[in-house]
Amino acid sequence: MKALVCSRLGGPEDLSLEDLPDPVPGPGEALVRVRVAALNFFDTLIIAGRYQVKPERPFSPGGEACGVIESLGPGAEGFSVGDRVMVHLSHGTARERIAVPLMRLARVPDAVSDEVAAGLSITYGTTLHALRDRAAIRPGETLVVLGASGGVGLAAVELGKLLGARVIACASSPEKLETARAHGADDLVDYRADNLREALRRLTGERGVDVVYDAVGGDLAEPAMRSLGWKGRFLVIGFAAGEIPKFPLNVIMLKGIDVQGVHWGAFVEREPETHRANQAQLLAWAAEGKLTVKVHGTYPLAAYAEALGVLVRREAVGKVLLDLRG
């Protein structure tokens, strides 16, 4: 099989395409023929050795995919050969075949395309867990999404609207903001052209913001946190800007703010039943056309450097996919 392999840490240019033996599914595993794999910003960190997940080398990047089960290992029950499945792992999907524990699979409805299923699991799974399980967002509350045009950002815009929130999308250009508007955002803030805190004050008045969804970190985090109202919730999703912010605890104390960490990988391991219910809900919404999973671009596996480069330069507007159906 063809596989994208990281044998040494670095950038996309340090990866290679290799021919490897097909894996054999072990007990409780399925062998999945990958059709479409999705790349995320964290893949650029994993291959550089700068992410909390540090796989033993050599490994393949790619945390999510859609494929078809080709065989089942001993004791693997609940799925059948020929099932089309959504796959979520910490890494490893950028290869033609993978052996996957059944708990990492979800059956894909016929109405959901390979592309949508490949890009749904992690970004939308993280976001549904953040908004519903952690922040317990309620209809009518105000949700601020930082980095609203990327994969997780657009997921937050769409799911926020689906859960009944007023969504304020924040991004770095008018073009990115228009993408967020097309996916349901109610209000827009260009934080390169406007002061973020002042813009949010104009939009929310004395009440302030109820929930901040922050996958960016850096200099945007503190003004967004200061825009929260009484008992506001700040969701820590990630640090695409590279800098991990430090918050003034006095502001958190005076406003009764909850700063909530969102570690989706740990949630999947610790709360598998809730995770399965979330994945089923996302697939059902996608089948009903309530989630779009915008695709920035679909690239052949051989164009992996171009695909990862879009993420390294933070140019992605939606999901970046690798097509392995060839």
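Work out from phi, with θ = phi - 60° and the Karplus expression 6.51 cos²θ - 1.76 cosθ + 1.60, the ³J(HN,Hα) of each residue of the range 25-39, listed in order in whole Hz, and give x for Gly and Pro.
Rounded to whole hertz, the list is x, x, x, x, 10, 10, 8, 10, 7, 6, 9, 9, 10, 10, 9.
How large is the Kirkwood hydrodynamic radius of the chain, counting all unique pairs of alpha carbons, in Å?
The Cα-based Kirkwood calculation yields 20.0 Å.
Over its Cα atoms, what ratio of radius of gyration to 2.2 N^0.38 Å does the range 168-256 give?
Computed over Cα atoms of the range 168-256, the ratio equals 1.06.
Considering only the chain, what is the antiparallel percent among its DSSP beta bridges, to the nearest 5?
Antiparallel bridges make up about 55 percent of those DSSP assigns within the chain.
Pick from Asn195, Asn40, Asn278: which is most flexible by mean-square fluctuation in a GNM of the chain where alpha carbon atoms under 10 Å apart are linked?
Largest GNM mean-square fluctuation: Asn195.
Per residue of the chain, what 222 nm ellipticity follows from adding -39500 (n - 2.57) for every DSSP H run with n ≥ 4, rounded to the nearest 500?
So the helix-based figure for the chain works out to -8000 deg cm²/dmol.
Compare Gly78, Gly297, Gly67 in a GNM of the chain, Cα atoms joined below 10 Å, and give the one with the largest fluctuation.
Residue with maximal mean-square fluctuation among Gly78, Gly297, Gly67: Gly78.
Using alpha carbons only, how many angstrom separate the centre of the range 252-299 from the centre of the range 124-159?
Taking the Cα centre of the range 124-159 as reference, the centre of the range 252-299 is 8 Å away.
Compute a Gaussian network model of the chain, connecting alpha carbons closer than 10 Å, and tell me which residue from Ala156, Ala215, Ala199 fluctuates the most.
Answer for the Gaussian network model of the chain: Ala199.
Please provide three numbers in whole Å: the alpha-carbon extents of the range 47-180 along the principal axes, with the largest listed first.
Result, largest extent first: 49, 35, 27 Å.
Which of the lysines could a cross-linker span from Lys294 if the Cα-Cα distance has to be under 26 Å and same-chain partners fewer than 8 positions apart are dropped?
Here the lysines satisfying the reach criterion relative to Lys294 are Lys161, Lys176, Lys319.
Ignoring any ligand, DNA or RNA, what whole percent of the accessible area of the range 182-225 comes from carbon and sulfur when the probe is 1.4 angstrom?
39
Using θ = phi - 60° and the Karplus form 6.51 cos²θ - 1.76 cosθ + 1.60, what ³J(HN,Hα) does each residue of the range 181-191 get, whole Hz, x for Gly and Pro?
5, 5, 9, x, 4, 7, 9, 10, 9, 8, 7
Under the rule of at least 5 residues apart or a separate chain, name every residue whose amide H is placed under 5 Å from the amide H of Val36.
Under 5 Å from the amide H of Val36 lie the amide H atoms of Cys66, Leu324, each far enough along the sequence or on another chain.
Under the Karplus relation 6.51 cos²θ - 1.76 cosθ + 1.60, θ = phi - 60°, what is the ordered set of whole-Hz ³J(HN,Hα) values for the range 236-247, x standing for Gly and Pro?
With coefficients 6.51, -1.76 and 1.60, one gets 8, 9, x, 9, 4, 6, x, 9, 8, x, 10, 9 Hz.
Could you give the length gained on full extension between Glu222 and Ala277, defined as 0.36 nm per residue of separation minus the Cα-Cα distance, in nm?
16.5 nm
Compute the helix-to-body angle for 151-162: its Cα long axis versus the longest principal axis of the chain, expressed 0 to 90° and rounded to tens.
Once rounded, one gets 60 degrees.
Express in whole angstrom the spacing between the alpha-carbon centres of the range 105-122 and the range 177-237.
For the range 105-122 versus the range 177-237, the Cα centre distance is 30 Å.
How high is the relative contact order of the range 179-278? Use alpha-carbon pairs under 8 Å, at least six apart in sequence, and give a whole percent.
After rounding, I find 22 percent.
Enter the mean projected area of the convex hull around the alpha-carbon atoms of the range 89-154, in nm², rounded to one decimal.
6.4
Output the 0 to 90 degree angle, nearest 10, between the alpha-carbon long axis of helix 272-287 and the longest principal axis computed from the alpha carbons of the chain.
The two axes meet at around 90 degrees.
The values are calculated or read from the model by the stated rules, or taken from the named source; none is laboratory data. It should be emphasised that the depicted structure is a prediction, and the values quoted were computed from it without experimental measurement. Surface areas here come from the heavy atoms of the whole protein model, side chains and all, with no ligands, DNA or RNA. Shrake-Rupley method; radii C 1.70, N 1.55, O 1.52, S 1.80 Å.
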